[in-house]
Amino acid sequence: MLNVALTGNIAAGKSTVLELFRRWGATVVDADALAREAQAPGTEVLTAIAKRFGSDVIGRDGALDRAALRAKVMGDDAALADLNAIVHPAVRRRRDQIVQEARERGDAIVVNDIPLLFEALDPASFDLVILVDAPVAVRRARLRTLRGLAADDADRMIAAQMPAERKRARSHFVIENAGSRDQLEREARRVFDALRRRAAPIEEWASVVLVTSDARDAADLVPALAARCADANIALRRATAKSRGLAKALRADPPSATIATREAQTVARAAWIEAGRPGRFYWLDAAPEENALPLDLRPWGGPRLRLGVNPLA
């Protein structure tokens, strides 16, 4: 699994990129959503916020009055540091839990939305860091036109964050967002395609044979598996269980892995054994054993799969 941090200063367009990545198949961990969850009525975090900043930051409904809290920390570095010290540990624990669940499911790409990555966390704890950036003048204009902020308020919000110039050199990818929505989508797609190539969990394979019962068996799987193999520079060929000489073909050009559908499993396994058991043998299984290989094809247009591992492999 590829564990990625996505960051960007205010009005840079990070939220738009996050939604694109979500649409293209990434598992998204939204820092704002986790913060709201941590600050919900009745939580220890909300109690600590009220104790530090006063009961007037709690609305009549018992929920956090974000505007009131923002007014108390804006321009006050010490107050902001205190707030972060209350909220960030709870958000971090919940993020770690979600990422671990994604890892256990076999998800291919997890994107963590972390606005204050460089300010509050260690970027080295993620596999890759992606920065969404736009010139200060563009971000100021967005804050004024899209959020209705006064010029002074927009400038204060921009000045409160670490300059993006200091973040660019520490990021693996930078998505530029100074133009149109179409331009941003093309930039985001370029980076996401690179993530796909890095995330391929079958990258140790050189070649794969997919054995189906006939040409129609697993027809919806083939395009996604082909895309995943292409990303990892893996040669993929397809054979049917009805084909004569399957064992001979496996022996002549031994694959790194042979994958059989449920319908083709018995015949494919016999051919694999006859061929001298080249590489590994897997089969598609809805309820495999614990040592199954996860193969998540969802970002490539397919399902999440589990491959049963043959004990003789």
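Quick one: angle between helix 265-274 and the longest Cα principal axis of the chain, in degrees between 0 and 90, rounded to 10, please.
Tilt relative to the chain: about 60 degrees.
How big is the Kirkwood radius of the stretch 54-115, worked out from every pair of different alpha carbons and given in Å to one decimal?
Hydrodynamic radius (Kirkwood, Cα pairs) of the stretch 54-115 is 14.1 Å.
I'd like the Karplus ³J(HN,Hα) series for the stretch 229-243: coefficients 6.51, -1.76, 1.60, θ = phi - 60°, whole numbers in Hz, and an x wherever there's a Gly or Pro.
5, 5, 4, 9, 6, 10, 6, 10, 10, 10, 9, 10, 5, 7, 5
Report, as a whole number in µm² per second, the diffusion coefficient that Stokes-Einstein gives for the stretch 227-274 at 4 °C and 1.567 mPa s using the Kirkwood radius over alpha carbon pairs.
So the translational diffusion coefficient is about 113 µm²/s.
Provide the gained length on full extension for the span R36 to R105, in nm with one decimal, where the gain is 0.36 nm per separating residue minus the Cα-Cα distance.
22.3 nm
Rounded to the nearest 500, what is the chain's calculated 222 nm mean residue ellipticity when only DSSP H runs of at least 4 contribute -39500 (n - 2.57) each, over all residues?
Mean residue ellipticity at 222 nm (helix-derived): -13500 deg cm²/dmol.
Name the residue from A67, M157, I259 whose Cα lies farthest towards the positive end of the charge dipole of the chain, charges +1 on Cβ of Lys and Arg and -1 on Cβ of Asp and Glu.
The one lying farthest along the dipole's positive direction is I259.
Need the list of aspartates and glutamates near K242 for cross-linking: C-alpha distance under 13 angstrom, and skip anything on the same chain fewer than eight residues off.
Within the straight-line limit of under 13 Å, K242 reaches these aspartates and glutamates: D214, D217, E263.
With axes computed from alpha carbons, what is the tilt in degrees of helix 181-199 against the longest principal axis of the chain, rounded to the nearest 10 within 0 to 90?
Computed tilt is about 50 degrees.
If I model the stretch 156-236 as equal point scatterers sitting on the Cα atoms and use the Debye formula, what is log10 I(q)/I(0) at q = 0.13, 0.17, 0.25 Å⁻¹?
-0.64, -0.84, -1.16
Rg(Cα) of the stretch 1-131 divided by 2.2 N^0.38 Å?
Against the empirical 2.2 N^0.38 Å value, I get 1.12 for the stretch 1-131.
Size of the dipole of the chain about the Cα centre, Lys and Arg at +1 and Asp and Glu at -1 on the beta carbon, nothing else charged, in debye to 20?
720
Using the Kirkwood formula over every pair of different C-alpha atoms, what hydrodynamic radius in Å results for the chain?
So the Kirkwood estimate lands at 22.5 Å.
Rounding to the nearest 20 debye, state how big the charge dipole of the stretch 1-154 is about its Cα centre with +1 on each Lys and Arg Cβ and -1 on each Asp and Glu Cβ.
About 360 debye.
Which lysines does K72 reach when only Cα atoms under 21 Å apart count, and residues fewer than 8 places away in its own chain are ignored?
The reachable lysines, counting only those whose Cα sits under 21 Å from K72, are K51.
Note down the nm distance, to one decimal, between modelled labels 7 Å out along Cα→Cβ at K248 and at I98.
In this crude label model, K248 to I98 measures out at 5.5 nm.
Restricting things to Cα coordinates, could you compute the convex hull volume per residue of the stretch 145-290 in Å³?
Residue-normalised Cα hull volume stands at 197 Å³.
Cα convex hull of the stretch 84-143: mean projected area in nm², to one decimal?
So the Cα hull casts an average projection of 5.5 nm².
Could you check what % of the DSSP bridge pairs in the chain are antiparallel, to the nearest 5?
Bridges in the chain are about 20 percent antiparallel.
Charges on Cβ only, +1 for Lys and Arg, -1 for Asp and Glu, centred on the Cα centroid of the stretch 105-213; of A108, A188, V211, which one is farthest towards the dipole's positive end?
Of A108, A188, V211, it is A188.
For the pair T47 and S125, how long in nm is the line joining their label points, each one 7 Å along Cα→Cβ?
2.5
Since every read-out is calculated from the coordinates, none of them should be taken as a lab result. As the structure is a prediction and not an experimental result, all values here were calculated from the model. Neighbour counts run over all protein chains shown; Cβ positions are idealised from the backbone, glycine included.
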